1. Has region 49-71 got at least one residue that is more than 22 Å from SER212 (Cβ to Cβ) and either assigned by TED's automatic domain parsing to the domain that holds GLY237 or hydroxyl-bearing (Ser, Thr, Tyr) (or both)?
2. Please enumerate the residues belonging to region 83-109 that are within 14 Å of ALA168 (Cα to Cα) and surrounded by fewer than 14 Cβ atoms within 10 Å (Cβ to Cβ).
3. What residue, of SER63, SER76, is within 30 Å of GLY185 (Cβ to Cβ), touching a residue at least 12 places away in the same chain (Cβ under 8 Å) and either of a type in the set (Lys, Arg) or in contact with a Ser or Thr (Cβ under 8 Å, 6 or more places away or on another chain) (or both)?
4. Name every residue in region 141-193 that is closer than 16 Å to LEU221 by Cα and in a loop (DSSP other than H, G, I, E, B), in order of residue number.
5. In region 248-277, which residue that is among the charged types (D, E, K, R) and at pLDDT below 85 is nearest to ALA295 (Cα to Cα)?
6. Does GLY205 satisfy the condition of being part of a loop (DSSP other than H, G, I, E, B) and either assigned by TED's automatic domain parsing to the domain that holds ARG141 or surrounded by 17 or more Cβ atoms within 10 Å (Cβ to Cβ) (or both)?
7. Please go through region 115-135 and give me each residue that is under 14 Å from ALA169 (Cβ atoms), outside any loop (DSSP other than H, G, I, E, B) and not hydroxyl-bearing (Ser, Thr, Tyr), ordered by number.
8. Can you pull out the strands (runs of 3 or more DSSP E) entirely within region 1-80 that have at least 3 residues that are more than 16 Å from LEU226 (Cβ to Cβ) and over 17 Å from the mean Cα position of the chain (by Cα)?
Amino acid sequence: MLIQVENLSRIYRSPLPANDWRTRVQQLIFPRYEDHLSVSDVNFTIAAGECVGLVGPNGAGKSTTIKMLTGILAPSSGSVLVAGHHPQQDRLQYVQKIGVVFGQRSQLWWDLPVKDSFEILQALFAVPQAVFNARLALFCREAGLDEFYHRPVRTLSLGQRMLCEIAAAFLHCPDVVFLDEPTIGLDLEMKSSMRDLIRQLNGEGTTVLITSHDVGDIERLTQRLLLIDKGTLRFDGSLADFRSHAGDGRWWAARLGPEFMALAEQQLRGHPAALPVRLRGEWLEIARHDALPFAELMQMLAPFAVSELKPVEQEFEELLHGFYLASAKERALC
């Protein structure tokens with residue numbers, strides 16, 4: 001396995017607030033702290049050549065996990081092994097093996113042309129000229145990099161700069177690239193170009209771990225999902241497996257007479273299959289399942305003045321949101 005993560009945890013320590021001057025003086029001599037568990041006992045492995053999405057709500061621990069994998073942060077406990085290296089211990093050798101893009105930080109030189117930034121990176125990573133030329137040709141062909149290759153970075157739009165950032169991360173042919181919110185703030189055209197470039201480079205064998213709140217990035221780029229919530233890994237599997245785990249998103253939507261909605265909902269909820277039923281505006285929706293064949297559903301709805309019945313598909317974003325809500329309710333009950 002290219003990436004091996006075992007019992008990974010990270011604790012942040014912050015000073016306790018002082019409400020009066022006496023407490024503040026005491027804490028100067030005897031400081032008191034409280035611990036916040038950001039990541040808790042996370043375990044996963046990633047094989048070479050995979051493209052994996054790391055997702056979760058705000059504050060879930062995604063960026064902290066990425067920073068520990070890249071060596072920016074040291075774990076409080078547990079271990080990380082990437083491409084045979086410990087990110088903290090083998091720092092000099094390790095950075096030659098990885099590429100990193102953080103949406104709000106740049107690895108390019110602000111006042112220099114993109115060309116000069118790339119040539120500096122080529123020298124830093126000792127990229128052979130033939131490899132550099134081949135990569136540059138790929139970036140120009142797939143992302144149109146030649147259109148702004150000679151312009152200073154400060155003159156580029158956000159989308160152009162992010163394309164350059166991603167190209168720079170892949171410039172030295174790393175074993176793995178970590179992408180943290182790579183399409184943040186971009187328009188649809190730039191997102192499409194960026195996804196095409198990432199897909200092409202991943203297809204050539206570079207492993208990619210991407211964290212993004214843009215569900216389109218996850219659906220169009222990744223084959224596997226790691227879902228983290230409150231620092232705990234809640235799901236690890238393919239996107240198809242997640243749809244099955246979260247409910248596959250297939251429903252029947254029925255438009256009934258308004259006076260029958262509550263009664264029809266009650267009757268459907270009483271079905272032995274105990275399938276999910278919900279009211280969405282003027283539609284009554286029930287999850288599609290073999291346990292409730294279409295003919296039986298029609299028979300149950302017949303007394304309630306059905307004017308329309310149609311199949312609906314739930315978006316992947318809705319499934320994720322529903323999973324987050326269910327996790328929050330589960331924690332509240334504990």
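1. no
2. ARG105 - this is the single residue of region 83-109 that is within 14 Å of ALA168 (Cα to Cα) and surrounded by fewer than 14 Cβ atoms within 10 Å (Cβ to Cβ).
3. SER63
4. Within region 141-193, GLU181, PRO182, THR183, ILE184 qualify.
5. This residue is ARG250.
6. Here the answer is yes, as GLY205 does meet what is asked.
7. PHE118, LEU121, GLN122, LEU124, ARG135 - these are the residues of region 115-135 that are under 14 Å from ALA169 (Cβ atoms), outside any loop (DSSP other than H, G, I, E, B) and not hydroxyl-bearing (Ser, Thr, Tyr).
8. 3-15, 33-46
The values are calculated or read from the model by the stated rules, or taken from the named source; none is laboratory data. None of these values were measured; they are calculated from a predicted model. All Cβ positions, glycine included, derive from the backbone under ideal geometry; neighbour counts span all protein chains shown.
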